[in-house]
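The values are calculated or read from the model by the stated rules, or taken from the named source; none is laboratory data. Please read these numbers as outputs of a predicted model, since none were measured by experiment. Quick reminder, even Gly has a Cβ in these numbers, built from the backbone with ideal geometry, and neighbours come from all protein chains shown. Note: accessible area is taken over every heavy atom of the protein model, side chains too, but ligands, DNA and RNA are not part of it. Shrake-Rupley method; radii C 1.70, N 1.55, O 1.52, S 1.80 Å.
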Amino acid sequence: MTWQDRALLILWVILTALLLVRMSTAEASTGGEEHWGLEFRGNGSNLRAVALDTDIAADVTGLVARIEVRQRFRNTGTAWSEAIYRFPLPRGSAVDRLRIEAGGRVIEGEIREKGTARRQYQQARSSGRIAALVEQERPNQFQTRLANIGPDEELVVEIGFLAHVDYHDGVFSLNLPLTFTPRWQAAGPRRVETAWSETTPRIGTSGGLDDHHLQLGVRLRTGLSLARLESRYHDIEVHPALGGYDVFVADPDTRTDRVFTLEWATERGREPESALMTWDDGDAIYAMLMVAPPLPEAVAPQPRDVVFIIDTSGSMEGRSLRQAQAALHQGLQRLGPDDRFNIIRFDSVSERLFERSVPADAASLVTAGDFIDDLRANGGTNMAPALQDAMLQPAWPGLLRQIVFVTDGSVGNEGDLLLQIGEQLGASRLFTVSIGSAPNRGFMRKAAEIGRGHHTHVGKLNEVEERMAALWSRIENPALSDLCVDWGVAAETYPEVIPDLYAGEPLWLFARLPREPAEIRLCGQLGGQPWEQVRQPLPGRGSENIATLWARSKIESLEDSRVFGADPDFVRGEVTDLALDFGLLTAYTGMVAVAPEPVRPASQALRAEDVPSLLPAGSSGQASGFASTATHWPVQLFFALLLLSISVALMWFSSPSRPSRVRHGAA
């Protein structure tokens, strides 16, 4: 063998080793092999447990929804197992119920301080008892651990929670996320240590397996005649019922790979409207106030300086980027002759189209349209530089700065980004547009809330025009500014700072009062003129759900205060006390359920395995788990190694110094 042969062989070995190391690192960062369903591992064997189905029952009464999620699994192997899975929830959800059915046993969950709940679970796990632990990992992400599931045993997990109904552009909506978009994590230290876990959910593809089916029913009790009732992303059956409607997902082969959104509409007027519901728990009065805006046509527009930010990272590849491009084109079309604009795109790095915002004239709009059409998705989701660039641009006198941020929100450093928005926003308003089948809506909503703006979700390409048109009708001018509420008595209300009311976007206010108010008085500025309205509580008793939602709102406010410098120990103590008083799952409490008797023999081992959620519909799954921009490196490296191997083989067999096989055989 010549020295050239030896060099090529050494290089081949080095590249092969690098490939194996990089592949193992990639597998660790993305959760390993992607597949559907619940996988158990026990006694050293790899067992498959199929997620038989997910049943969701929603009961909507007025402005509150009670949701029950029932998930059924079966351990198809021969060993004892522990399962870990994560699930998404709507924003502001108040989780207050856990029930486990396993091996003919029923176990009810109880709220405990997080450390106490974990110790109870670990003790039960080690002693062989069936146990479950539910913890909040992020504001809209929860994790369940199930210990000591026997061979060929079926288990049923029921999670109960409360959520309030959304209202946009005269349309009420119930939004139930059913899976996750993979999260990109920025490198380097964090400025903000959040209360939630940094764990990201595993994401699985279909793999041709017959599981992750969805059955979903909604009891809608509005007491009103509806102008429209529809589901945006699922085929449904609608049956008239007493006081409302019963709604069911129609397709029996429906999968949990996209958000479920049910919408219904009533008539609107030209003046803001409000509704007040109360509940007396014996110690205090809890109130929920919704203020609905007037029609967009009733609000006069004003000139704006609009900065578009578009996400072109790898997680936006395919349908999501096309939706984002269509959204930006729609936004450009809605600019007026007195408006200015700019565009910033970002992945691992950011790029600004114009040095400063330019007038929305024909030439600038053509340049911007070409820029949008040429966008390609690749790299990481590094939002911070793009946000800073937009928020710190010099202001134009007489123009309202509006930042329209289009992304799937697939990041893991939400706390740092929210702090940045709070510190750098100034007089601007931030409007977020979440893209795709399962975006990070919790982060996007909170960013818009801190940015004194509004959040819009675009889930399908054919709804871009409708959604963006509604957004522009809303943000041309606040419908009601400087809003104030006189409760007549001392009140603890959330949110503490009342934002502007935009056309098409309601406000939800929750209050705790010492006694029932005979009436409340609302005031503000409508179209630059003073506005006032008096409202009495709706007749009939409300429900204890209002008290739970008030507590959930206060907890959210306390958690948000950490971003702006509140003492973490104080926040932890306050949130823990509230959660224990109202029976709520939070970042500092856990919900634990433990069976009284052991079921697993001490001689049998127990191992844990993550449960993947489904990859969102229409997503390629590419790049979101990697911080590198070289998202196709494995394929490129494979072909490089293949060519190198062929070259080594050809040189080996053509070398005159190669030992002869005949010579060896003749010995």
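Below is a table of values for the structure above.
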| item | result |
| --- | --- |
| Single match in ALA518, ALA479, ALA490, ALA503 (criterion: within 19 Å of PRO539 (Cα to Cα) and either among the hydrophobic types (A, V, I, L, M, F, W, C) or at pLDDT below 90 (or both)) | ALA518 |
| Selection from region 360-387 of residues that are surrounded by 15 or more Cβ atoms within 10 Å (Cβ to Cβ), in contact with a helix residue (DSSP H, G or I) (Cβ under 8 Å, 6 or more places away or on another chain) and farther than 14 Å from ASP339 by Cα | ALA368, GLY369, ILE372, LEU375, ALA377, ASN378, GLY379, GLY380, THR381, MET383, ALA384, LEU387 |
| Residue among VAL247, VAL238 that alone is open to solvent by 30 Å² or more (accessible area, probe 1.4 Å) and either farther than 18 Å from GLY170 by Cβ or part of a loop (DSSP other than H, G, I, E, B) (or both) | VAL238 |
| Checklist (1) in a helix (DSSP H, G or I); (2) in contact (Cβ under 8 Å) with a residue 12 or more places away in the chain; (3) small (Gly, Ala, Ser) applied to ALA363, failing item | (2) |
| Residues satisfying the stated conditions in region 398-412, i.e. within 29 Å of ALA377 (Cα to Cα) and either of a type in the set (Lys, Arg) or open to solvent by 20 Å² or more (accessible area, probe 1.4 Å) (or both) | ARG401 |
| Region 108-141: number of residues that are open to solvent by 10 Å² or more (accessible area, probe 1.4 Å) and of a type outside the set (D, E, K, R) | 11 |
| Residues that are more than 15 Å from ALA57 (Cα to Cα) and of a type in the set (A, V, I, L, M), drawn from region 227-258 | ALA227, LEU229, ALA241, LEU242 |
| Residue within region 534-544 that is among the hydrophobic types (A, V, I, L, M, F, W, C) and modelled with pLDDT of 85 or more present | yes |
| Verdict on PRO293 being surrounded by fewer than 20 Cβ atoms within 10 Å (Cβ to Cβ) and in contact (Cβ under 8 Å) with a residue 40 or more places away in the chain | no |
| Residue check, ALA395 open to solvent by 20 Å² or more (accessible area, probe 1.4 Å) and either among the hydrophobic types (A, V, I, L, M, F, W, C) or free of Cβ contacts under 8 Å to residues at least 60 places away in the same chain (or both) | yes |
| Residues that are β-branched (Val, Ile, Thr) and within 29 Å of the chain's Cα centre (by Cα), drawn from region 274-310 | VAL291, VAL306, VAL307, ILE309, ILE310 |
| Residue that is modelled with the highest pLDDT, among those in region 204-227 that are under 23 Å from the mean Cα position of the chain (by Cα) and over 14 Å from THR54 (Cβ atoms) | VAL218 |
| Given (1) under 26 Å from the mean Cα position of the chain (by Cα); (2) open to solvent by less than 20 Å² (accessible area, probe 1.4 Å), number of the condition SER357 does not satisfy | (1) |
| Leading residue by the ranking (surrounded by the fewest Cβ atoms within 10 Å (Cβ to Cβ)) among those in region 142-175 that are closer than 30 Å to GLU263 by Cα and of a type in the set (D, E, K, R) | GLU158 |
| Filter result for SER127 (under 29 Å from VAL60 (Cβ atoms), in contact with a strand residue (DSSP E or B) (Cβ under 6 Å, 6 or more places away or on another chain) and polar (S, T, N, Q)) | no |
| Residue satisfying all of: in region 75-84; surrounded by fewer than 23 Cβ atoms within 10 Å (Cβ to Cβ) and of a type outside the set (Asp, Glu); farthest from LYS446 (Cα to Cα) among these | THR78 |
| Residue that is farthest from THR432 (Cα to Cα) [pool: residues in region 311-322 that are within 18 Å of the chain's Cα centre (by Cα) and open to solvent by less than 10 Å² (accessible area, probe 1.4 Å)] | GLY314 |
| Strands (runs of 3 or more DSSP E) lying entirely in region 436-543 (those with 2 or more residues that are open to solvent by less than 50 Å² (accessible area, probe 1.4 Å) and within 20 Å of GLN325 (Cα to Cα)) | 455-458 |
| Selection within region 328-349 - closer than 21 Å to TRP396 by Cβ and open to solvent by less than 60 Å² (accessible area, probe 1.4 Å) | LEU328, GLY331, LEU332, LEU335, GLY336, ASP339, ARG340, PHE341, ASN342, ILE343, ILE344 |
| Region 111-135: number of residues that are assigned to a strand (DSSP E or B), within 11 Å of LEU585 (Cβ to Cβ) and more than 25 Å from the chain's Cα centre (by Cα) | 1 |
